[in-house]
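*Asks:* One structure, pasted below without further comment.
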Amino acid sequence: MKARRISAIAIKEVLQVWRDPRSLMMALLVPVMQMLLLGYGVNLDIAHIPTCAYDEEASPDSIDLLKHFQASRYFHLVANLGSERQIADAIDRGRCKLAIVIPADFSREIAMTRHASVQAIVDATDDNTATLATAYARAVVQGYANDVQADLALRLAQAPAPAAIAEQSRVWFNEDLDSRNFIIPGVVALVLALVGAQLTSLTISREWERGTMELLLSTPVTPMELMIGKLLPYFAIGLVDAGICLGFALFLFAVPFRGAFATLLFTTSLFLIVVLGIGYLLSVLIPSQIGASQMAMFATIMPISLLSGYAFPIDQMPAAIQALTYIVHARYYVTILKAIFLKGSGVAALWAPIAALMVYAAVVALLAARAFRRQLA
Amino acid sequence: MSELLHRIAQILVKELLELRRDRWARFRLIVPPIVQVLVFGYAATFEVFGVSTTVLDLDHSQESRALIASFEDSSRFKVVRVATTQQDAEGTIDRSQAAIALVIHPGFAQLLRKGQSAPLQILVDGTNSNSALIALGYADAIVSTFSQAYQSDFLYRTQPASAAGRVEIALDDRPWYNASLNSRWFFVPGVIATLTLVMVVNLTAFAIVREREVGTLEQIMVTPIRPFEFVAGKTIPFFLVGLALVSIITLVGTLWFEVPFRGNPLVLLLGTIVYLLSTLAVGLAISTLCRTQQQAFATNFFFVNPMFTLSGFSFPIASMPPVMQWLTYLDPVRYFLVIIRATFLKGVGLEILWPQLLALLAIGGGLMSLAVLRFRKSLD
């Protein structure tokens, strides 16, 4: 292996990328576009849920309960309805996601038995929003009940009876439970995998298609030198992209970064090797540029956005699908990124996913080298 | 008129012949849709079951065991470890062995028996904020049920005269249209819109760019076929492909995943037809911007990706910043998703969905006229 031959190939590749504005655009514009789109667009936190009220009683008590909803930042009261039918209509038309129904005997029940109930009708077509909305509504109703309780105790001049169990919850790592902190580190993996595989998927098939492969083969360059020389420039581009993504994550989206940059650099380089290797492999196997880049797209976007755990928790998937996630390279990198960003984990704590990425890199490089030799034969 | 139809039909036959000969294209038409629906159906879920839980019971009382048992009985939590020290419990969260830890300190039962408030400490790994939030909600529900039962029992035993007790207001939640809050019912119908978008835009753009790249576009243009007829002949096959995709996914969704279809299939068909107009127009527009298939591929990505992200397919539009929410109004996928989910789950018809249909028609019509104009210009 000669450094001179590798650098000759690398310089040729740099010139080619430099002269092809579309490749450059793909390399620099896509990370920016993806970070903006996903950074702002991928958000599970809900607030200001459009809410309707159907107050059958219209007493000071029921109006007070609705005021509690109005005061919560999670709800936005959009209408007061007069019948059950109107609720169905409002939810069908998407005017509100939640309808609070206060029964006609609401305050009487509280006065007589101290037990009452209100109904929350929620549009569950989006089940996640529905689950969260119900939990927030329960908290509002609980808060109202506590106020009524305090009021009552004051009037009867008793000490208020405390709740039997006082929950004290402490949230670690993502203290404000901000979904952006959870999603953005994963988006970095998504962007790198996409751009890396796209750029390299063209590199060999382009040579085949243009007939320059024969020319390259007549030179003394070996397959290994060719691979390293071809991938080096893309590795540099990948690191620049990683820098762009990191800049967006830290400065625009203000995701906490608690780990060490060295750990991030090391694991990112490892992931880039895997990603570039896959693109190279596809490009060796599929002789047409368009076929190679389509396969690269198909082989990255869906598995990564669904099976890497960047948004959908892996532990909630059926066992067979969980097994499938182990062959998705981004799974390991997403785990690493979330741990570095939020937990501040170091290499020692992350040895398992790092080892997995290393094995992955070795296997991909081996396959690429072998496939290349077979294509020549 | 008959001549016009005849010429369109000829292009159509030519396209279908090409499609039949291209085995790779057939693979791309059939396999990805089925794989996508299956993976989405199984993998895409925001539901929370069996949260890995560590328990640390330093009180060892009947009460503390009863509280832990009520967590064990819930399908939402799964006790994976019984810790013996606070450090041990915190370590399981640190090492991601458990997502939540319940800590009961000594003296828990004593406080309860005195009628005082007993603390329960809950530690949560907030890395996945959505799951953490939902898990906390479930924990809250379990604790307050336990707490209320204990309290009323306690008051009944100690002061039967004033057994009214604390004010309790129950929230009786009624999730409509998806009573068991099944994520699959949300995602599987949605795949109809996103998959058709990706496939139809892709196929249309490539079919025309290929002709341009290979040089057969010029050949066709010297025949008496007019641009409009060419466009119609080129897009109708992909229109049919789109209809086939929608049917395949609807069948897999209803038969395999048992997602209910409560509305009128004709409403979905109407929505599909109008929606396909937009996707064909986007494909056509991309084809006018590109000279080579490689360019078409990259341009495709720049169009399809934002349309996908802004559609509300998996992440609620209401949670996006205002500027982005405005942009979603330009996205045809947004409206089609509303139509799909409403026909599948809500079972409502045109009386509710007419605004979405009109919006789709306007966007599709506008895009199509722009694309056809551009296409004619790109021939000169």
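*Asks:* In degrees between 0 and 90, to the nearest 10, how far off the longest principal axis of chain B does helix B:350-379 point, with axes built from Cα atoms?
*Replies:* 40 degrees
*Asks:* Just flag the chymotrypsin sites (Phe, Trp or Tyr not before Pro) in segment A:248-328 sitting in loop per DSSP whose Cβ has no more than 12 other Cβ atoms within 10 Å.
*Replies:* Working: sites: A:248, A:251, A:253, A:257, A:261, A:266, A:271, A:280, A:298, A:310, A:326; in loops: A:253, A:257, A:310, A:326.
The qualifying sites are A:326.
*Asks:* Moving on. I'm a student and want to see the number: the projected area of the Cα convex hull of chain A, averaged over all directions, in nm². Walk me through the numbers on the way to the answer.
*Replies:* Working: hull surface 99.8 nm².
Mean orientational projected area (chain A, Cα hull): 25.0 nm².
*Asks:* Moving to a separate point now. How far, in degrees from 0 to 90, does helix A:21-41 lean away from the longest principal axis of the Cα atoms of chain A, to the nearest 10?
*Replies:* With rounding to tens, the tilt is 20 degrees.
*Asks:* Relative to the longest principal axis of the C-alpha atoms of chain B, give the angle of the C-alpha long axis of helix B:293-309, reported between 0 and 90° and rounded to the nearest 10°.
*Replies:* Its long axis makes an angle of about 40 degrees.
*Asks:* Shifting gears a bit: Compute and list, largest first, the equivalent-ellipsoid semi-axes of the protein assembly as shown from the alpha carbon gyration tensor, each √(5λ) rounded to a whole angstrom. Mind showing how you got there, number by number?
*Replies:* Numbers: eigenvalues 569, 244, 69 Å².
They are 53, 35, 19 Å, listed largest first.
*Asks:* Using a cut-off of 22 Å between alpha-carbon atoms, which lysines can reach residue B:377, once sequence neighbours fewer than 8 places away in the same chain are excluded?
*Replies:* B:234
*Asks:* Next up: Inside 10 Å of the C-beta atoms of B:323-336, what's the mean count of C-beta atoms belonging to other chains?
*Replies:* Taking the mean over all residues of the peptide, I get 1.
*Asks:* In addition: Quick one: if the Förster radius is 45 Å, what FRET efficiency do residue B:79 and residue A:8 give, using the C-beta to C-beta distance and rounding to 0.05? Can you show the working numbers first?
*Replies:* On the way: r = 62 Å, r/R0 = 1.37.
Approximately 0.15, to the nearest 0.05.
*Asks:* Next question. Restricting everything to alpha-carbon atoms, can you work out Rg to Rh for segment A:207-331 with a Kirkwood hydrodynamic radius?
*Replies:* We get a ratio of 1.04 for segment A:207-331.
*Asks:* Starting from the Cα of residue B:240, step 7 Å along the direction of its Cβ; do the same at residue B:378; then give the gap between the two resulting points in nm.
*Replies:* In this crude label model, residue B:240 to residue B:378 measures out at 2.4 nm.
*Asks:* May I ask you to give the average projected area over all directions of the convex hull of the Cα atoms of segment A:306-377, in nm² rounded to one decimal? Write out the running numbers ahead of the final one.
*Replies:* Numbers: hull surface 24.6 nm².
About 6.1 nm², averaged over all directions.
*Asks:* Mind pulling up the Rg/Rh value for chain B? Radius of gyration and Kirkwood radius, both on Cα.
*Replies:* Details: Rg = 29.2 Å, Rh = 25.0 Å.
Taking Rh as the inverse mean 1/r over Cα pairs, Rg/Rh reads 1.17.
*Asks:* If a cysteine in chain A has no other Cys Cβ under 4.7 Å from its own Cβ, put it on the list, ordered by number.
*Replies:* When partners are defined as cysteine Cβ atoms under 4.7 Å apart, chain A leaves A:245 without one.
*Asks:* Looking at B:86, B:121, B:144, which one has the Cα that reaches farthest to the positive end of the dipole of segment B:51-162 (charges on Cβ: Lys, Arg +1; Asp, Glu -1)?
*Replies:* Positive-end residue among those listed: B:144.
*Asks:* May I pose another question? In peptide A:174-186, what is the residue-averaged number of other protein chain Cβ atoms found within 10 Å of each Cβ? All intermediate terms of the calculation are to be shown ahead of the outcome.
*Replies:* Numbers: counts 7, 3, 2, 10, 2, 7, 1, 3, 7, 4, 0, 1, 0.
Partner Cβ neighbours, averaged per residue: 4.
*Asks:* Right, something else. Over segment A:171-233, with a single point scatterer placed on each C-alpha, what log10 of the ratio I(q)/I(0) does the Debye formula yield at q = 0.19, 0.25 1/Å?
*Replies:* -0.80, -1.06
*Asks:* Stick to the Cα atoms of segment A:108-172, pair each with every other, and give me the Kirkwood hydrodynamic radius in Å at one decimal.
*Replies:* Working: mean 1/r = 0.0695 Å⁻¹.
The answer is 14.4 Å.
*Asks:* Can you run the Rg to Rh ratio on segment B:1-141? Use alpha carbon positions and the Kirkwood inverse-distance Rh. Don't jump to the answer; show the numbers that get you there.
*Replies:* Values: Rg = 28.6 Å, Rh = 19.5 Å.
Ratio of gyration radius to Kirkwood radius for segment B:1-141: 1.47.
*Asks:* Quick check: convex hull over the Cα atoms of segment B:65-208, volume per residue in Å³, rounded to an integer? Before the final figure, lay out the partial values.
*Replies:* Working: hull volume 23.2 nm³, N = 144.
Enclosed volume per residue, from the Cα hull, is 161 Å³.
*Asks:* Given 10 °C and 1.306 mPa s, how large is the Stokes-Einstein diffusion coefficient of segment B:59-141 in µm²/s, with Rh as the Kirkwood radius over Cα pairs? Show your work: numbers first, answer last.
*Replies:* Numbers: Rh = 13.6 Å.
Estimated via Stokes-Einstein, D reaches 117 µm²/s.
*Asks:* Further question: Under 20 Å Cα-Cα from residue A:97, which lysines qualify once same-chain neighbours fewer than 8 residues away are excluded?
*Replies:* Of all the lysines, those that pass the test against residue A:97 - Cα under 20 Å, at least 8 places apart if same chain - are A:67, B:346.
*Asks:* Relative to 2.2 N^0.38 Å, what does the C-alpha radius of gyration of segment A:190-263 come to as a ratio? Two decimals please. Before the final figure, lay out the partial values.
*Replies:* On the way: Rg = 17.2 Å, N = 74, 2.2 N^0.38 = 11.3 Å.
Its radius of gyration relative to the 2.2 N^0.38 Å reference: 1.52.
*Asks:* Only loop residues by DSSP count here, and only those with at most 12 other Cβ atoms within 10 Å; note down the trypsin sites (Lys or Arg not before Pro) in segment B:58-158 that meet that. If you can, show how the numbers build up before the last one.
*Replies:* On the way: sites: B:65, B:76, B:78, B:81, B:95, B:113, B:114, B:157; in loops: B:76, B:95, B:114.
Passing sites in segment B:58-158 are B:95, B:114.
*Asks:* In addition: I want to verify the translational diffusion coefficient of segment A:9-147 in µm²/s; compute it with Stokes-Einstein, Rh as the Kirkwood radius over Cα pairs, at 25 °C and 0.890 mPa s. If you can, show how the numbers build up before the last one.
*Replies:* On the way: Rh = 18.2 Å.
Diffusion coefficient, whole number: 135 µm²/s.
*Asks:* Lys and Arg at +1, Asp and Glu at -1: add these up for the other residues within a Cβ distance under 10 Å of residue B:312 and post the number. Don't skip to the end; give the middle numbers.
*Replies:* Details: positive: B:334, B:341; negative: A:126, B:331.
For residues surrounding residue B:312, the net value is 0.
*Asks:* Looking at chain A, send over the antiparallel percent of its DSSP beta bridges, to the nearest 5. If you can, show how the numbers build up before the last one.
*Replies:* On the way: 4 of 14 bridges.
So the antiparallel bridges in chain A amount to around 30 percent.
*Asks:* Which order do A:33, A:224, B:320 fall in if you start with the one that has the fewest other Cβ atoms within 10 Å?
*Replies:* Least crowded to most crowded, the residues run A:224, A:33, B:320.
Every number here is computed from the coordinates shown, using simple stated rules; none is lab data. Bear in mind that the values here come from a model prediction, so they are computed numbers and not experimental data. Every residue, glycine among them, receives a Cβ derived from its backbone with ideal geometry; neighbour counts consider all protein chains shown.
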